[in-house]
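S.K.: Next up is a structure, given as structure tokens.
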Amino acid sequence: MSQASNRRLTEDLLRPMQQTSWRFWTLVLFLGTIVAAGLGTWFYQMYMGFGMTGINNPVYWAFYITNFVFWIGISHAGTLISAILRLVNAGWRRPVTRCAEVITVFALMIGAMFPIIHLGRPWLFFWLIPYPSSRLIWPNFRSPLVWDFFAITTYLTGSVLFLLLPMIPDFALIRDRTTGWRHWVYGKLALGWQGTTKQWHRLESAMQIMAIAILPVAVSVHTIVSFDFSMAPVPMWHSTMFGPYFVAGAIFSGIAGLIIAMATLRKLLHLEDYLHPVHFHNLGKLLLMMSLLWGYFVFAERLTVWYGNEPSEMEVFWVTQRGSFAPLYWTMVVCNFVIPFSILSLKKLRTITGCVVASCGVLVGMWLERFLIVVPSLSHKYLPYAWGHYRPRPVEIMITISTFAAMMLLYTLFAKLVPIISVWELKVGEHPFLLNVEEDRREHELWTTNP
Amino acid sequence: MPRKWGMAVDLDRCTGCGACVTACHAENNIPTVGPEQAGRGRAMHWIRVERYWEGEFPEVQLKFRPVMCQQCDAAPCEPVCPTYASHHTAEGLNAQVYNRCIGTRYCANACPYNVRYFDFFNPEWPKPLHLQLNPDVSVREVGVMEKCTFCVQRINATVGEAKAEKRELKDGDIKPACVQSCSARALVFGDLNDPESEVSRLSKEPRGAKLLEDVGTLPKITYLSRQSQT
């Protein structure tokens with residue numbers, strides 16, 4: 001590949017940062033309005049009292065915890081997928097990794113809001129943090145909610161590092177191509193990157209370390225999220241398989257989120273030359289595998305409960321299987337298994353459109369799955385006298401919608417500020433033998449001498 | 001030996017009158033939430049009288065079961081609380097420290113008996129009922145969990161009085177509001193570590209059983225099962 005095509009690659013990928021159309025501002029305004037409305041709704045809920053939600057006795061957790069588990073699940077898109085693909089050195093990963101890693105960071109930030117939004121007294125959320133205070137009480141380290149706090153902060157820190165490390169050479173590239181305050185900002189972000197051999201080696205080993213370190217962290221995070229349920233003696237919650245079940249579901253919904261994000265970027269930023277059908281084809285295969293794994297977990301869980309025939313569990317079992325939650329339950333099965341399986345198992349249908357349709361199904365299905373874990377168990381706990389119902393109220397629905405808008409808004413802004421496809425990784429990928437250093441220096445000179 | 005507070009509930013004696021519920025509301029400053037909120041499932045009764053119908057009409061039988069916090073020895077609500085708002089006292093009570101509660105509601109989910117109640121709004125009492133609040137019990141604000149305390153304010157006051165008067169505490173000196181108001185004497189409260197106390201004697205009766213014993217919570221409330229058929 002010649003320098004000319006190298007330059008085209010750089011231009012293509014940096015174009016979204018240099019040209020801003022009215023469409024961008026309309027989108028930002030639109031999404032920003034929804035996010036602001038969601039924040040307003042939250043303050044309204046705090047001001048009026050938590051009773052503005054549909055939560056009641058006995059359904060003390062509902063939409064907010066569903067959203068919490070859902071978004072933490074989506075966050076498994078990035079890190080796990082990109083870390084695995086990096087470690088096995090899959091060549092097709094290069095245009096995919098950053099799209100994925102960004103999802104992780106933003107989905108975690110959104111997901112981590114929900115344990116705070118759902119608190120009765122959210123202004124005291126910092127009591128979960130161990131710090132020396134005049135109250136002289138540490139958090140209760142036996143509580144899975146405290147484990148959550150540590151798991152999520154560790155994962156967030158790790159995935160921010162994992163995202164930032166491979167961005168350094170790209171920051172340097174932007175620094176060298178801009179002037180004024182942008183030059184200054186990206187210069188700071190580039191951390192003095194010059195592209196020397198030593199720096200490349202350090203970056204490579206740092207990324208290798210992070211890719212290995214982030215895997216157990218990612219697995220532990222969703223396991224700990226599942227412990228929020230499985231540590232309580234609640235029918236159908238108290239299960240030994242919840243850890244792996246949740247992790248599998250998280251990766252499943254994560255891949256679906258990634259496919260949708262990639263297809264949207266491809267369309268809106270005209271990245272057709274970089275995000276090829278083969279990327280969707282490969283991710284579609286991964287999604288198909290996770291769909292089968294998900295189906296296996298649900299089958300194993302349901303069959304075990306049915307044979308166990310424990311009265312309190314059977315109540316929850318039947319209310320989901322053919323009771324009042326059955327419409328949601330069977331929608332979930334169709335969305336998570338029937339649709340992805342029938343689309344993705346046929347090579348002819350594993351196109352971009354096919355993958356996106358299957359992914360939309362999976363997102364709906366996985367949200368329902370979390371809802372069906374949280375609510376039916378709580379509404380049908382042991383004593384029939386204390387059974388209850390749940391119906392969401394506008395406050396919860398508005399906040400739920402606004403988190404999706406928040407995800408899109410953060411993603412839009414990110415794609416405006418940083419090349420959403422890693423420029424240097426793509427270049428390295430296309431010259432596997434020249435490997436980087438010489439090429440980068442030459443190009444660097446090219447840009448500095450011929451601005 | 002430290003005291004271990006417990007209760008026996010004689011289901012043969014319970015008439016389902018609900019006096020215990022009313023007394024508990026008055027003693028513990030429990031707000032009444034009104035019909036709309038109650039319809040949403042937010043009624044708060046630290047003790048409730050559960051009604052179960054058995055059989056088909058006209059051969060139908062109504063059974064009552066007063067259910068309050070079972071003061072479990074292995075309480076599922078305690079380990080899950082991230083702030084120690086729900087914790088075990090030396091006398092075996094499941095205490096709830098309102099000021100530490102941040103409202104995760106995890107304890108209420110973990111509780112198999114559904115006897116923990118959440119303040120969905122700041123409490124309000126229609127005038128002039130706001131003048132009859134019990135000064136010994138704090139009023140809970142929005143966003144915290146609350147539950148039966150075995151009238152810990154009465155326990156502490158009576159223990160303190162006995163100490164000041166330098167006398168031993170006798171069985172039956174302490175009566176939580178529900179016990180005091182039960183005209184059928186279906187509820188008996190006392191020290192389970194005192195083998196002579198009435199509650200110890202009743203708890204060992206052959207017709208005694210714990211509620212949801214197989215969940216493994218080791219409750220300190222014993223239900224004496226119903227023998228009569230009327």
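S.K.: Just one of A:Phe141, A:Phe106, A:Phe149 is over 23 Å from the mean Cα position of the chain (by Cα) and of a type in the set (Phe, Trp, Tyr); which is it? Outline the logic, then answer.
M.R.: On the way: A:Phe106 fails: over 23 Å from the mean Cα position of the chain (by Cα); A:Phe149 fails: over 23 Å from the mean Cα position of the chain (by Cα).
That would be A:Phe141, the only listed residue that is over 23 Å from the mean Cα position of the chain (by Cα) and of a type in the set (Phe, Trp, Tyr).
S.K.: What are the residues in the range B:101-113 that are facing chain A (nearest Cβ under 7 Å) and either without any contact (Cβ under 8 Å) to a residue 40 or more places away in the chain or surrounded by fewer than 16 Cβ atoms within 10 Å (Cβ to Cβ) (or both), if any?
M.R.: B:Thr104, B:Tyr106, B:Ala108, B:Asn109, B:Ala110
S.K.: Among A:Ser291, A:Ser359, A:Ser312, A:Ser342, which is the only one that is small (Gly, Ala, Ser), out of contact with any Pro (no Cβ under 6 Å at 6 or more places or on another chain) and surrounded by 16 or more Cβ atoms within 10 Å (Cβ to Cβ)?
M.R.: Numbers: A:Ser291 fails: out of contact with any Pro (no Cβ under 6 Å at 6 or more places or on another chain); A:Ser312 fails: out of contact with any Pro (no Cβ under 6 Å at 6 or more places or on another chain); A:Ser342 fails: surrounded by 16 or more Cβ atoms within 10 Å (Cβ to Cβ).
Just a single option satisfies the conditions, and that option is A:Ser359.
S.K.: I would also like to ask the following. Residues being more than 9 Å from every other protein chain (Cβ to nearest Cβ) and either touching a Cys at 6+ places or on another chain (Cβ under 8 Å) or of a type in the set (Gly, Ala, Ser) (or both): count how many of those fall in the range A:371-404.
M.R.: Residues meeting the conditions: 2.
S.K.: Moving on. In the range A:124-141, what count of residues is obtained for those that are facing chain B (nearest Cβ under 7 Å) and over 12 Å from B:Tyr84 (Cα atoms)? Lay out the reasoning, then the answer.
M.R.: Our first condition is that a residue be facing chain B (nearest Cβ under 7 Å); within the range A:124-141, this holds for A:124-125, A:127-128, A:137, A:139-140.
So of that shortlist, the ones also over 12 Å from B:Tyr84 (Cα atoms) come out as A:124-125.
Number of matching residues: 2.
S.K.: Hey, could you check the range A:209-241 for residues that are among the aliphatic types (A, V, I, L, M) and closer than 29 Å to B:Thr217 by Cβ and say which is surrounded by the fewest Cβ atoms within 10 Å (Cβ to Cβ)? Show your work before the answer.
M.R.: Step one: of the range A:209-241, the residues among the aliphatic types (A, V, I, L, M) are A:209-215, A:217-219, A:221, A:224-225, A:231-232, A:234, A:236, A:241.
With closer than 29 Å to B:Thr217 by Cβ added as a condition, the list becomes A:224-225, A:231-232, A:234, A:236, A:241.
Details: A:Ile224: 23, A:Val225: 26, A:Met231: 22, A:Ala232: 23, A:Val234: 26, A:Met236: 24, A:Met241: 14.
Checking each candidate, the answer is A:Met241.
S.K.: If I go through the range B:174-230 residue by residue, how many of them are acidic (Asp, Glu) and touching a strand residue (DSSP E or B) at 6+ places or on another chain (Cβ under 9 Å)?
M.R.: First pass over the range B:174-230, keeping only residues acidic (Asp, Glu): B:191, B:194, B:196, B:198, B:205, B:213-214.
In the following step, the residues that additionally are touching a strand residue (DSSP E or B) at 6+ places or on another chain (Cβ under 9 Å) were identified as B:191, B:198, B:205.
Matching residues across the range B:174-230 total 3.
S.K.: Would you check if there is a residue in the range B:101-119 being part of a strand (DSSP E or B) and of a type in the set (Phe, Trp, Tyr)? Steps first, answer last, please.
M.R.: So the first thing to find is which residues in the range B:101-119 are part of a strand (DSSP E or B), and the list is B:117-118.
In the following step, the residues that additionally are of a type in the set (Phe, Trp, Tyr) were identified as B:117-118.
Yes, some residue in the range B:101-119 is part of a strand (DSSP E or B) and of a type in the set (Phe, Trp, Tyr).
S.K.: Shifting gears a bit: Got a number for residues in the range B:141-186 being more than 14 Å from chain A (Cβ to nearest Cβ) and on the phi > 0 side of the Ramachandran plot?
M.R.: So the answer is 5.
S.K.: Mind checking which residues of the range A:265-279 are farther than 29 Å from A:Trp25 by Cα and crowded, with 19+ Cβ neighbours inside 10 Å?
M.R.: Selection gives A:His279 alone.
S.K.: I'm trying to understand the selection: among the residues of the range A:142-157, which are more than 14 Å from chain B (Cβ to nearest Cβ) and either of a type in the set (Phe, Trp, Tyr) or crowded, with 21+ Cβ neighbours inside 10 Å (or both)?
M.R.: Within the range A:142-157, A:Tyr155 is the sole residue that qualifies.
S.K.: Just for the range A:54-91: of the residues that are part of a loop (DSSP other than H, G, I, E, B) and away from chain B (no Cβ under 14 Å), which one is modelled with the highest pLDDT?
M.R.: A:Ser75
S.K.: Does any residue of the range A:163-175 turn out to be of a type in the set (D, E, K, R), free of Cβ contacts under 8 Å to residues at least 24 places away in the same chain and touching a helix residue (DSSP H, G or I) at 6+ places or on another chain (Cβ under 8 Å)? Give the steps one after another, and end with the answer.
M.R.: Of the range A:163-175, the ones of a type in the set (D, E, K, R) are A:170, A:175.
Checking which are free of Cβ contacts under 8 Å to residues at least 24 places away in the same chain leaves us with A:175.
Still in the list and also touching a helix residue (DSSP H, G or I) at 6+ places or on another chain (Cβ under 8 Å): A:175.
Scanning the range A:163-175, I find at least one residue that is of a type in the set (D, E, K, R), free of Cβ contacts under 8 Å to residues at least 24 places away in the same chain and touching a helix residue (DSSP H, G or I) at 6+ places or on another chain (Cβ under 8 Å), so the answer is yes.
S.K.: Further question: Which condition breaks for A:Phe114 when tested against (1) modelled with pLDDT of 95 or more; (2) touching a Leu at 6+ places or on another chain (Cβ under 6 Å)?
M.R.: (2)
S.K.: Mind listing whichever residues of the range A:36-60 are of a type in the set (Phe, Trp, Tyr) and either touching a strand residue (DSSP E or B) at 6+ places or on another chain (Cβ under 9 Å) or free of Cβ contacts under 8 Å to residues at least 40 places away in the same chain (or both)? Before you say what the answer is, go through the steps one by one.
M.R.: Here is the first cut: in the range A:36-60, the ones of a type in the set (Phe, Trp, Tyr) are A:42-44, A:47, A:50, A:60.
Selection gives A:Phe43, A:Tyr47, A:Phe50, A:Tyr60.
S.K.: Do any helices (runs of 4 or more DSSP H) entirely within the range A:273-360 hold 1 or more residues that are closer than 21 Å to A:Gly243 by Cβ and touching a Ser or Thr at 6+ places or on another chain (Cβ under 8 Å), and if so, which?
M.R.: A:277-308, A:311-321
S.K.: Here's something else I'd like to know. Look at the range A:119-145 and say how many of its residues are aliphatic (A, V, I, L, M) and not in a helix (DSSP H, G or I). Lay out the reasoning, then the answer.
M.R.: Step one: list which residues in the range A:119-145 are aliphatic (A, V, I, L, M), which gives A:119, A:124, A:128-129, A:136-137, A:145.
This time we only want the ones that are not in a helix (DSSP H, G or I), so: A:119, A:129, A:136-137.
Total satisfying the criteria: 4.
S.K.: Also: Could you say which residue among A:Arg182, A:Arg121 is within 9 Å of chain B (Cβ to nearest Cβ) and either surrounded by fewer than 20 Cβ atoms within 10 Å (Cβ to Cβ) or out of contact with any helix residue (DSSP H, G or I) (no Cβ under 7 Å at 6 or more places or on another chain) (or both)?
M.R.: Matching residue, one of A:Arg182, A:Arg121: A:Arg121.
Yes or no, residue by residue, for (1) under 17 Å from A:Asn57 (Cβ atoms); (2) touching a residue at least 60 places away in the same chain (Cβ under 8 Å):
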site	(1), (2)
B:Met44	yes, yes
B:Asp73	no, yes
B:Tyr84	no, no
B:Ala95	no, no
B:Pro126	no, no
B:Leu133	no, yes
B:Val144	yes, no
B:Lys147	yes, yes
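S.K.: Determine if the range B:53-66 includes at least one residue that is closer than 29 Å to A:Trp237 by Cβ and in contact with a Cys (Cβ under 8 Å, 6 or more places away or on another chain).
M.R.: Checked the range B:53-66: at least one residue is closer than 29 Å to A:Trp237 by Cβ and in contact with a Cys (Cβ under 8 Å, 6 or more places away or on another chain).
S.K.: Same structure again: Here is a list of conditions, (1) β-branched (Val, Ile, Thr); (2) surrounded by fewer than 18 Cβ atoms within 10 Å (Cβ to Cβ); (3) touching a Lys or Arg at 6+ places or on another chain (Cβ under 7 Å), and B:Val137 meets all of them except one; can you say which number that is?
M.R.: Going through (1) β-branched (Val, Ile, Thr); (2) surrounded by fewer than 18 Cβ atoms within 10 Å (Cβ to Cβ); (3) touching a Lys or Arg at 6+ places or on another chain (Cβ under 7 Å) one by one, B:Val137 breaks only (3).
S.K.: Same structure again: Does at least one position in the range B:52-69 carry a residue that is outside any strand (DSSP E or B), among the small types (Gly, Ala, Ser) and either crowded, with 18+ Cβ neighbours inside 10 Å or within 10 Å of chain A (Cβ to nearest Cβ) (or both)?
M.R.: Filtering the range B:52-69 down to residues outside any strand (DSSP E or B) leaves B:55-60, B:68-69.
Still in the running and among the small types (Gly, Ala, Ser): B:55.
Retained after the next criterion (residues that are either crowded, with 18+ Cβ neighbours inside 10 Å or within 10 Å of chain A (Cβ to nearest Cβ) (or both)): none.
For the range B:52-69, residues outside any strand (DSSP E or B), among the small types (Gly, Ala, Ser) and either crowded, with 18+ Cβ neighbours inside 10 Å or within 10 Å of chain A (Cβ to nearest Cβ) (or both): absent.
S.K.: Take the range A:401-426 and flag every residue that is more than 30 Å from A:Asp12 (Cβ to Cβ) and surrounded by fewer than 19 Cβ atoms within 10 Å (Cβ to Cβ). Spell out the reasoning first.
M.R.: Step one: of the range A:401-426, the residues more than 30 Å from A:Asp12 (Cβ to Cβ) are A:401-403.
Selection gives A:Ile401 alone.
S.K.: Looking only at the range A:100-117, decide whether some residue is buried (at least 19 other Cβ atoms within 10 Å of the Cβ), in contact (Cβ under 8 Å) with a residue 24 or more places away in the chain and within 9 Å of chain B (Cβ to nearest Cβ).
M.R.: From the range A:100-117, those buried (at least 19 other Cβ atoms within 10 Å of the Cβ) are A:100-108, A:110-115, A:117; that's our starting set.
Those still in the list that are in contact (Cβ under 8 Å) with a residue 24 or more places away in the chain too: A:100-108, A:110-115, A:117.
Now restrict to residues that are within 9 Å of chain B (Cβ to nearest Cβ): A:115.
Among the residues of the range A:100-117, at least one is buried (at least 19 other Cβ atoms within 10 Å of the Cβ), in contact (Cβ under 8 Å) with a residue 24 or more places away in the chain and within 9 Å of chain B (Cβ to nearest Cβ), which makes the answer yes.
S.K.: Which condition number does A:Asn57 fail, the rest of (1) surrounded by fewer than 21 Cβ atoms within 10 Å (Cβ to Cβ); (2) in contact with a helix residue (DSSP H, G or I) (Cβ under 8 Å, 6 or more places away or on another chain) being met?
M.R.: Failing condition for A:Asn57: (1).
S.K.: B:Thr217 versus (1) among the β-branched types (Val, Ile, Thr); (2) within 14 Å of chain A (Cβ to nearest Cβ); (3) closer than 14 Å to B:Val9 by Cβ: which is the lone unmet condition?
M.R.: Single failed check for B:Thr217: (3).
S.K.: Still on this structure: Taking into account only those residues within the range A:379-400 that are touching a helix residue (DSSP H, G or I) at 6+ places or on another chain (Cβ under 6 Å) and assigned to a helix (DSSP H, G or I), which is farthest from A:Met48 (Cα to Cα)?
M.R.: Among those that are touching a helix residue (DSSP H, G or I) at 6+ places or on another chain (Cβ under 6 Å) and assigned to a helix (DSSP H, G or I), it is A:Thr400.
S.K.: How many residues, within the range A:17-34, are surrounded by 15 or more Cβ atoms within 10 Å (Cβ to Cβ) and closer than 30 Å to A:Ile399 by Cβ? Steps first, please.
M.R.: Kept after step one, since they are surrounded by 15 or more Cβ atoms within 10 Å (Cβ to Cβ), are these residues of the range A:17-34: A:17, A:24, A:27-28, A:31-32, A:34.
With closer than 30 Å to A:Ile399 by Cβ added as a condition, the list becomes A:24, A:27-28, A:31-32, A:34.
Number of matching residues: 6.
The values are calculated or read from the model by the stated rules, or taken from the named source; none is laboratory data. Everything quoted here is computed from the prediction, not taken from an experiment. Here the Cβ is made from the backbone with ideal geometry for all residues, glycine too, and neighbour counts use every protein chain on show.
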